[in-house]
Amino acid sequence: MDSENVFQHLLQIIERYHENLTQGRFVAYHEPEDLNTLLQLDEQTEGDWAKLFQWVEKYLAYAVKTGNPAYVNRMWAGANLPSIIGEIVTAVSNTSACTFETAPVSTLMEQYMLREMLNLAGFEDGVGQMTTGSSNANMIVMMAARNVVCEVGKSSGLFGQPRLCAFVNGDAHYSMDRAAAILGIGTDNLIKLQTDSHGRMDLEDLEQQIVKAKEDGAIPFFVAATAGTTVRGAYDPIEPLLALREQHGFWLHVDGAWGGAAILSDKLRSRYLPYVGEADSFTLDFHKMLGTALMCNTVLFNKRPAILQQICSAGDESYIFRKGAGGELRDLGSQSLQCGRKVDALKWFLDWKFYGRKGLAKRVEGYLELCRYAEAYIHDAVELEMVVPRESFNVCFRYKPPQGESVVAFNIRLRNRMQQKERGLVGTGYVDGQLALRLLVTNINVGKPELDTFFENILLTGREIMETP
Ligand SMILES: Cc1ncc(COP(=O)(O)O)c(C=O)c1O
């Protein structure tokens, strides 16, 4: 084999992998030491195309098939086919989406998609950006809020400035802590609010904490509503937060990394995300429920068209950036936190053109229906119970162990045995201190029969553990 026919060979391998994605086991499970022995990573294979493809085959043989219906572990699963095509083309054409001159089509596609998203969110006169994920999106937004409240923040830093306080749902994603740490806010000044019985932020607590922060001389500058908390799937209510914003003048962000996908469906938007169009910013991961290949994120700002330019811009036209003939901004990298930027726009654009908003809305609605089905299954199975009632897309349940056995130890054992026996991979999380198996349906290859199989495997594994204590 030589370099001339590598693509033919590669496509055959990819095709075979893809055809078998939904069949058989989701993984050939091995402990790290065994896998190391199998992989033989020290083997010398320089310049040998045939051997190179053996590495590729090995990679795929032991990779977790995230598109397999037994994989219900994370917020993302096997990617949409159009976006996989986009990823391959992006890799072949290897460029950085930093400047128009190196990435002309991707620049226009990204701008097109951002306009589509701003329209979808109902953000007028806004601006958006693709980032590397919602963790970074949350940080960029917090930075924007920080620099709006502290105008000298970008140039002089926070030295000598009043203390800034940010507020999030007690179950908010850990990226908020990291953002507070990186931005000089300090994690002690990220106030984690109590949650109500639905896992939503307690608004009374928020109000009290804001008043307290003010009394202590701090500035309550930022509140993030989570649209779909990571473990429980709770949606913080946006409307009352708008009223509080009016009163206290903070920046209101909506972290829709996971549950923001409800925005695609009019029905689900009015149920889960009413008033989102009035928030200051919104982030949504297309690589989660919407199935675009990892990573594909968008962060949107409302009514502040120049905000990214103000907070992120650095670098000038001396070596990298160029303006258009009319002085207009052409280079998306000039307002990004990165210099080199992976082209994520092509795969996103292809998914959008192939499925359209309606197709994606139907998908999200379908997932919700499957979550209802899963919850009903759990209610019907005497061995299982919901840890808390389902709020939206997250199904938090557990196996009821025999009397006297620890719920936590039993369910962790069950989860690990499911993985080792190659029956399925399900996530875990804690809700109000109680361990839950977190079932997430975010895979187009999962339907009711696949959920039945998943639960049958849970029941089988639970029985096995009880028989072999
Ligand atoms: C609510 C929420 N916000 C942010 C994130 C971070 O997203 P990303 O993995 O794209 O950085 C997650 C990830 O699970 C999340 O659940």
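The values are calculated or read from the model by the stated rules, or taken from the named source; none is laboratory data. Remember, predicted model here, so these are calculated numbers, not experimental data. Using ideal geometry, Cβ is built from the backbone for each residue, glycine included, and neighbour counts are taken over all protein chains shown.
Of all residues in the range 182-206, count the ones that are free of Cβ contacts under 8 Å to residues at least 12 places away in the same chain and assigned to a helix (DSSP H, G or I). Total meeting the criteria: 3. One residue alone among Tyr112, Tyr62 is in contact with a His (Cβ under 8 Å, 6 or more places away or on another chain), at pLDDT 95 or above, more than 16 Å from the ligand (Cβ to nearest atom) and among the aromatic types (Phe, Trp, Tyr), and that residue is Tyr62. Scanning the range 154-181 for residues that are of a type outside the set (D, E, K, R), surrounded by 15 or more Cβ atoms within 10 Å (Cβ to Cβ) and either touching a residue at least 40 places away in the same chain (Cβ under 8 Å) or outside any loop (DSSP other than H, G, I, E, B) (or both) gives Leu164, Cys165, Ala166, Phe167, Val168, Asn169, Ala172, His173, Ser175, Met176, Ala179, Ala180. When Glu456 is tested against (1) surrounded by 15 or more Cβ atoms within 10 Å (Cβ to Cβ); (2) of a type in the set (D, E, K, R); (3) part of a helix (DSSP H, G or I), only condition (1) is not met. Which of the residues belonging to the range 78-109 are of a type in the set (A, V, I, L, M, F, W, C), surrounded by 19 or more Cβ atoms within 10 Å (Cβ to Cβ) and either modelled with pLDDT under 95 or closer than 26 Å to Ser313 by Cβ (or both)? Within the range 78-109, Ala97, Cys98, Phe100, Ala103, Met109 meet the criteria.
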